[in-house]
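A short reminder: the numbers here are calculations on the coordinates, not readings from a lab. From a predicted model like this one, the values you see are computed outputs, not experimental measurements. Heads up, the Cβs are rebuilt from the backbone with ideal geometry, glycines too, and the neighbour counts pull from every protein chain shown.
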Amino acid sequence: MTKEQRELLEKKEMFRKGGGIKAIEKQHSMGKHTARERLELLFDPGTFVETGLFVKHHASAFGMAEKVIPADGVVTGYGYVEGHLVYAYSQDFTALGGTLGEMHANKIAAVQEEALKTRAPIVAINDSGGARIQEGVNALGGYGKIFTNNIRSSGIIPQICAILGPCAGGAVYSPALMDFVFMVDDISQMFITGPRVLKEVTGETVSSQELGGARIHSEISGCAHFRDSTEEECFARIRKLLVLLTEPEQQKGKEEIQGLRRDQNMDYIVPANPRQPYSMRSVIDGIADRGEFFEYQAEFAPNIRTGFIRLNGRCTGVIANEPMVLAGCLDINASDKAARFIRTCDAFEIPLLTLEDVPGYLPGKSQEYGGIIRHGAKLLYAYAEASVPKVTVITRKAYGGAYIGMCSKHLGADYVFAWPSAEIAVMGAEGAANIIFAKEIRQAEDPEEKRKTCIRQYEEVMMNPYLAAESGYVQDIIVPSQTRERVGAAFHALAHKMEQRIQKKHGNIPL
Ligand code: HXC
């Protein structure tokens, strides 16, 4: 080896140590991995290729001229996940707190642009003290560039973000602009205004985990989509998601779909009593290949379930009312969650399976004041806008506006199936009978007895799937255990669906 070659290797070795042994030990003592260890967890062994190791900041004020920040505090490059090309950047907290200056931002922008050019997914690993204060407006400009690239890539390549340390102030808007946000208990923190400033401004005392930890963003704010207890679990899940998004499994032919497992237990899921809840999760499990469900935002708005299954090998997005929570009603958060998920699937050509058991929109002042009208509208918009194959299965209740909203034929579902237990109507029998038979009930000798008779009468006529099937809004009424086979066959037939839409600059989804 020549002297120059040896020097090169030594230089690389030194830079790869990041902020040095002490800083690495501090990082480990907080239960965190280093930027490079995280990339090892993300990629197939030995496949990560680093770019921009020698990039150096240009700052000079406040003693920055002498400051060496290896890789300028962010490791960038590409690698492979189960053989698929993926770009990534990983902020190095050991190197000046992983702070973002002009050149750090340029490195991130470069991988974003490479990912977009090659149409490969990108994974962002955030662990940073935020804008590098010494670089002033150049640091802020760097964020602006990253946000712009997030928006340019939106809907073209999957953008995945893991928050594995602090992410504060305006910096939070890059994760917020991405498709999938992962957080880890006790490690991740994300807020616009941190606890210290909050104490100064409002006098409120709150810990950083209480203010913006993984649980808060997964359960309450909805800013995170996945929560894990360790970094290892988090990266294993990111890898699984990347495979789901990029790799179709071997798909079966038409004949084999007919033989798709018939789970007889499906026939007993819906209880005879319409007031008794059941778990929609068991319906999802009964339809999915191997019964596997990769749930998205499991802890936020659990009255609607969203996530990915494989159906006949193909990644399929599931949106399902959950009767176990709020009787499966649609509310503000459920509408936002489902609308966002539907648009994510549509952007990445993932077909949509809707499982419906919905008594309506959640009533109440807090919902009306909070804008359920405009939030609920997002769900309608997202469904009608989506041009991917759309199949709906009505398992029980499909009432009123919520019936329309949950991917009805009228919003563009390609196929709607109903189980014999389906009740497709303007509202529940009791409410309906009280309105349309009000006079008869009032004038009856025994109003309570009359009310019961009227309810029964309404139930017999209206609370079934046959009227909708007669009008062509339901294509078929099926025995529950046939669902996997029939839905699989419908998506198979729709595999090459093409829909012409009116060309426009963009629509105006209610926000
Ligand atoms: C420059 C910073 C820095 C920053 C941390 N460091 N944050 N340097 N600019 N924003 C440096 C520290 O001086 C230290 O340098 C090293 O990084 C590690 O930081 P520590 O404080 O020792 O680590 P720790 O105790 O773990 O605390 C981490 C921290 C804290 C909670 C992140 O450093 C902190 O509160 N920093 C300020 C965070 C912040 O307010 N950032 C601006 C957010 S607003 P040495 O040399 O000692 O190793 C923002 C706007 C974005 O980012 C706008 C986008 C539009």
Exercise for review: Pairs of Cα atoms under 8 Å, at least six residues apart: use those to get the relative contact order of region 170-302, whole percent.
Suggested key: 24
Revision key, fill the gap. In degrees, nearest 10, the alpha-carbon axis of helix 332-347 is tilted away from the dominant principal axis of the alpha carbons of the chain by 70
Practice item. Of the options Ala444, Ala418, Gly401, report the single residue whose Cα projects farthest towards the positive end of the charge dipole of region 397-456 (beta-carbon charges: Lys, Arg +1; Asp, Glu -1). Key: Gly401
Review point. Could you give the semi-axes, largest first, of the ellipsoid that matches the chain, computed as the square roots of 5 times the alpha carbon gyration tensor eigenvalues and rounded to whole Å?
Key: 50, 26, 19
Exercise for review: Mind checking the full-extension length gain between Thr47 and Ser207? Use 0.36 nm per residue of separation minus the Cα-Cα distance, one decimal, nm.
Suggested key: 53.7 nm
Check your understanding: Just from its helices, what would the mean residue ellipticity at 222 nm be for the chain, if runs of 4 or more DSSP H residues each count -39500 (n - 2.57) and the sum is divided by every residue, rounded to the nearest 500 deg cm²/dmol?
Key -> -11500 deg cm²/dmol
Study note, to complete from the structure: Applied in sequence order to region 372-386, the curve 6.51 cos²θ - 1.76 cosθ + 1.60 (Karplus, θ = phi - 60°) yields integer Hz couplings, x standing for Gly and Pro, of 4, 5, 6, 5, x, 4, 4, 5, 4, 4, 4, 5, 5, 6, 5
Revision key, fill the gap. Tilt, helix 447-462 to longest principal axis of the chain (alpha-carbon atoms), in degrees rounded to tens, equals 70
Revision key, fill the gap. So for R0 = 60 Å, FRET eff. of Ser229-Gln457 from the Cβ-Cβ r, to 0.05, ends up at 0.65
Review point. How about region 115-197: which trypsin sites (Lys or Arg not before Pro) there lie in a loop by DSSP and see at most 15 other Cβ atoms within 10 Å?
Key: Arg119
Check your understanding: region 23-78: which GluC sites (Glu not before Pro) are DSSP loop and have at most 14 other beta-carbon atoms within 10 angstrom?
Key -> Glu66
**Study point:** Peptide ranges 162-169, 225-232 listed from the most packed, as the mean C-beta count within 10 angstrom indicates
**Key:** 162-169, 225-232
Check your understanding: What spacing in nm lies between the two simple spin-label points modelled at His58 and Arg262, each 7 Å away from Cα in the Cβ direction?
Key -> 7.1
Point to revise | Net length gained if the chain between Ala65 and Ser387 were fully extended (0.36 nm per residue, minus Cα distance) | key: 110.5 nm
Practice item. Wrap a convex hull around the Cα atoms of region 36-118, take a quarter of its surface area, and give that in square nanometres. Key: 5.4
Point to revise | Principal-axis tilt of helix 102-118 within the chain, Cα atoms, nearest 10 degrees | key: 50
Point to revise | Percent antiparallel among DSSP beta bridges (both partners in the chain, rounded to 5) | key: 35
Exercise for review: Within 10 Å of each residue's Cβ, count the other Cβ atoms and sort Lys409, Lys337 from fewest upward.
Suggested key: Lys409, Lys337
Point to revise | Relative contact order [Cα under 8 Å, 6+ residues apart], the chain, whole percent | key: 9
Review point. How much length is gained if the chain between Arg196 and Asn508 is pulled fully straight, taking 0.36 nm per residue apart and subtracting their Cα-Cα distance, in nm to one decimal?
Key: 108.5 nm
